[in-house]
Amino acid sequence: ESVAVLDVETGQERCRAEAPGGTSVLKSGRFLSCGGLSGEIVLRDPSSLSKLFTLPAHNGPVTGMDAKMDLLVTCGISTFRNEYATDTSLRVFDLRMAPRPLSAIPFPIGAQLIKYSPKFSS
């Protein structure tokens, strides 16, 4: 499976990159964030799709992600003894300069999807 960048004016494919099945894609600042079944977030260059950074997010699939300015937040699935369960924390990443994880946010009931509130201010 793969991710492609299309030129909307010509309809031509500009570039393509391999992506594992189940990949979610989100434009976040200067990156194209790709989260998938591996639990990692791969940050790619939006114009060439070259892989720039890989960030560990969850030990199971990434089920949701959203970005606001330089912050990327993800939710996902955890595995424990070959059992899957909704991860009870949200992962937050600072995308300025060299991307890095910030403290996780506890969310005891777990989350499958995540979306910033449009009224969020920084």
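Miscellaneous remarks
- Amide H within-cut-off set for residue 24, under 5 Å, with H built and near neighbours excluded: 35, 36
- Amide H contacts of residue 87 (H built 1.01 Å from N, under 5 Å, at least 5 apart or other chain): 76, 77, 78, 111
- Potential lengthening between residue 14 and residue 40 on full extension [0.36 nm per residue; Cα-Cα distance subtracted]: 6.9 nm
- Share of carbon and sulfur in the accessible heavy-atom surface of the chain [1.4 Å probe, %]: 56 percent
- Table column - 3J(HN,Hα) (Hz), segment 105-112, Karplus curve with 6.51, -1.76, 1.60, x for Gly and Pro: 9, x, 9, x, 7, x, 9, 9
- Phi-derived couplings, Karplus 6.51 cos²θ - 1.76 cosθ + 1.60 at θ = phi - 60°, listed residue by residue for segment 74-91: 10, 10, x, 10, 10, 10, 9, 6, 6, 10, 9, 8, 4, 5, 8, 9, 9, 9 Hz, with x used for Gly and Pro.
- Residues of segment 49-67 with amide N under 16 Å of a point placed 7 Å along Cα→Cβ from residue 112: 61-65
- For segment 1-119, the solvent-accessible area of protein heavy atoms averages 61 Å² per residue (probe radius 1.4 Å; ligands and nucleic acids excluded).
- A compact globular protein would have a Cα radius of gyration near 2.2 N^0.38 Å; the ratio found for the chain is 1.09.
- Estimated FRET transfer efficiency when R0 is 25 angstrom, pair residue 3-residue 86 (beta carbons, to 0.05): 0.45
The values are calculated or read from the model by the stated rules, or taken from the named source; none is laboratory data. Every value quoted in this text rests on a predicted model; they were computed, and no experiment measured them. Note that we place each Cβ from the backbone using ideal geometry, even for glycine, and neighbour counts take in every protein chain shown. When the accessible area is computed, the model is the full protein with side chains, heavy atoms only, and any ligands, DNA or RNA have been set aside. Shrake-Rupley method; radii C 1.70, N 1.55, O 1.52, S 1.80 Å.
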